[in-house]
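The structure appears below as structure tokens.
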Amino acid sequence: MLTLSQLFFSLLLPAIVCGGIYTVVVYIRAHDGEKTSLLWLTAVAIGIGYIVGYLGIERKLTFLPIESIHWLFYFTLFALFSSTYWDFSGWRRLISQLIYSVALPRILLNSYFQYTWGTLEGIIWWACLSIGIFIFWNIVKQSFSAIPSSNTSIPFVYFGISGGTALIIALSGSVRIAQHAGTLTVLFAAIWIITIVLQRNLKSDSNSHVFSISASPVVTFLFIGIWMNGYFYAEAPSVSIILLAISPFLAQVRQIQAIQKLGDRKSIFVQVGLIALCVSIAIIIAVVRSGFFGEEAY
């Protein structure tokens, strides 16, 4: 059972910090010509908010990471640095994405590479995970543009995915890792709510609250870090993790001509509905696997 202090420092305070930064970002961009150079500040809001939550959960900063979860702090810093050039540099962005995709599994799963997997098995896992991370990263980037920018659906979608992640990992028995996912959940919830409120005060065609691709490193690093910790160190169901990872890809359903004919509002409803369905199935699988309905159901 989490104490009030833990709830404040891991959930409420990160949401306040993230929401405050995001609000300032929106107003600056709305009243300063919506400069594209400021797009990366959305990533700053998420990254700083998560760092506050990380410190609230872990209570201290481990300068030499001992556990896999300790790397999430440093991954967030790397992602924030990368977000500063992610909107403007094509080759640099691609090279960085390839390097990060290869490096993340090796760093997070060091104990598996050293003590569990043999050489061949380790190489296979490394290759598969690196490819998976690269693909998921592109899914995240594409989802930002697939969902209409003037809509609040983008933060809502990732609010749902991170909330599903927290629940699935909690059902798998790791409250600590679930707390990290919970911190991510409240960050997206704060951005979603603030976007709804501020949208009324901004121009109807304003793109001030858009999730640009500069936010993709932070979003990708945090989700990948939490999912890999959840699967390898908390035994979260692999099918549930895979469903969560591919769920943002369903935003591409809006490219289907028949869906486009439904109009903006209905097509967005279809997009969000399919993603929510995918996340719901992932949660149901985790609930059944946890033995909630008895071992016979599992």
**Request:** Springs between alpha-carbon atoms under 10 Å, Gaussian network over the chain: tell me which of Trp126, Trp40, Trp91 tops the mean-square fluctuations.
**Result:** Trp91
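Might you tell me the accessible area per residue for the chain, computed with a 1.4 Å probe and given in Å²? Show your work: numbers first, answer last.
Details: 14040 Å² over 298 residues.
Ligands and nucleic acids excluded, the figure is 47 Å² per residue.
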**Item:** Given charges at Cβ of Lys, Arg, Asp, Glu: the chain dipole, positive-most of Ile135, Val253, Ala15
**Value:** Val253
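Rounded, prolate or oblate: pick one for segment 209-284, where a ≥ b ≥ c are the square roots of the eigenvalues of its C-alpha gyration tensor, a/c under 1.5 means rounded, and failing that, prolate if a/b is larger than b/c, else oblate. Walk me through the numbers on the way to the answer.
On the way: a/c = 3.36, a/b = 1.62, b/c = 2.07.
Oblate, because a/c is 1.5 or more while a/b does not exceed b/c.
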**Complete:** Per the helix-only model, the chain has a calculated mean residue ellipticity at 222 nm (DSSP H runs of ≥4, -39500 (n - 2.57) each, divided over all residues, rounded to the nearest 500) of -22500 deg cm²/dmol
**Prompt:** Taking N as the number of residues in segment 1-142, what is its Cα Rg relative to 2.2 N^0.38 Å?
**Reply:** 1.24
**Asked** Once the piece of chain linking Leu55 and Ile196 is laid out straight, how much longer is it, given 0.36 nm per residue of separation minus the C-alpha distance between them?
**Response** 47.9 nm
**Fill in**
Out of Val102, Thr119, His70 - ranked by how far each Cα lies towards the positive end of the dipole of segment 59-131, with unit charges on the beta-carbon of charged residues - the top one is His70
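When the accessible area of the chain is split by element with a 1.4 Å probe, what percent falls to carbon and sulfur?
Working: 9560 of 14040 Å².
Roughly 68 percent, rounded to a whole number.
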**Prompt:** How far is it, in nm, from the label point at Leu262 to the one at Val24 when both lie 7 Å from their Cα along the line to the Cβ?
**Reply:** 4.0 nm
**Asked** Along the charge dipole of the chain, which of Leu244, Gly160, Leu41 sits closest to the positive end, that is, farthest toward it, with unit charges on the beta carbon of Lys, Arg, Asp and Glu (+1, +1, -1, -1)?
**Response** Leu41
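Compute the FRET efficiency between Leu277 and Gln114 as 1/(1 + (r/R0)^6), taking r as their Cβ-Cβ distance and R0 = 41 Å, and round to the nearest 0.05. Before the final figure, lay out the partial values.
Details: r = 40 Å, r/R0 = 0.96.
So, using R0 = 41 Å, E works out to roughly 0.55.
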**Prompt:** What helices does the chain hold that run 20 Å or longer along their axis, going by alpha-carbon atoms, with a Kyte-Doolittle average of 0.0 or more, using DSSP H for the helix calls?
**Reply:** 13-30, 41-58, 90-108, 119-146, 153-171, 175-199, 216-234, 264-289
**Asked** If you average over every viewing direction, what projected area does the convex hull of the Cα atoms of the chain give, in nm²?
**Response** 17.1 nm²
**Message:** Which of Leu98, Leu120, Leu198 ends up with the largest GNM mean-square fluctuation for the chain, with Cα atoms connected below 10 Å?
**Reply:** Leu120
**Request:** Run the quick spin-label model on Leu98 and Tyr74: label points 7 Å from Cα toward the beta carbon, then report their separation in nm to one decimal.
**Result:** 2.4 nm
**Asked** If you place +1 on the Cβ of every Lys and Arg and -1 on the Cβ of every Asp and Glu, how big does the dipole about the Cα centre of the chain come out, in debye to the nearest 20?
**Response** 600 debye
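Just how many pairs of Lys in the chain have C-alpha atoms closer than 24 Å, counting pairs that are eight or more places apart or on different chains?
Step by step, the pairs that qualify in the chain add up to 4.
The values are calculated or read from the model by the stated rules, or taken from the named source; none is laboratory data. Being a predicted model, the structure only gives us computed values, none of them experimental. In this analysis, Cβ positions are derived from the backbone assuming ideal geometry, glycine residues included, and neighbour counts consider all displayed protein chains. Just so you know, the surface numbers come from the protein's heavy atoms only, side chains and all, with ligands and any DNA or RNA stripped out. Shrake-Rupley method; radii C 1.70, N 1.55, O 1.52, S 1.80 Å.
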